[in-house]
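Student: Have a look at the structure that comes next, please.
The values are calculated or read from the model by the stated rules, or taken from the named source; none is laboratory data. The structure presented is a predicted model; accordingly, all values stated were derived computationally and were not measured. When we count neighbours, we look across all protein chains shown, and the Cβ atoms used for this are built from the backbone with ideal geometry, even at glycine.
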Amino acid sequence: MARKKQEPAPLTIEQMEQRLAQIEVDREQLEAALNQRRQADLMEFAETLRGQIGERGYPVDEVIALLGKGGKTTSRRRGNGHAYFVDPDNPSQTYRKGPLPKWLREKMEAAGYDATDKAQREAFKSTHLKWMA
């Protein structure tokens, strides 16, 4: 005859709380191990890059300085650190950040954009305005 499997007894609230606490401890330990592994991997990668830079005969400091200067955001920044937009039709009309000026809202509405929608504002700025360095 086939035996029926016995269902385990349901857990008590205390048992559930203990298991949950243990899961949290395990999670914290796993996160710490993951962070250690990432740091070790990053250090290994940095040493590999340092070796490649040296093999090519470049000073590491110069390469690091170049890496720090790269990227879209730094090339689009002005002295105050904020993006600087200019209306190509009227260069005296500029926009940095904050509330949209009246001229920009009017220009967006005339082009069929919704000035209250962030995605549409970003699309408009990237297609209808000019970046100034």
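Student: Need at least 2 residues that are at pLDDT below 90, surrounded by 10 or more Cβ atoms within 10 Å (Cβ to Cβ) and charged (D, E, K, R) per element, so show me which helices (runs of 4 or more DSSP H) inside the stretch 15-116 make the cut, counting only ones lying wholly within it.
Tutor: Correct list: empty, since no element meets the threshold.
Student: Collect the residues in the stretch 92-115 that are within 15 Å of SER126 (Cα to Cα) and of a type in the set (Phe, Trp, Tyr), keeping them in residue-number order.
Tutor: TYR95, TYR113
Student: Next question. State all residues of the stretch 117-133 that are in a loop (DSSP other than H, G, I, E, B) and among the β-branched types (Val, Ile, Thr); if no residue qualifies, say none.
Tutor: Hits for the stretch 117-133: nothing passes.
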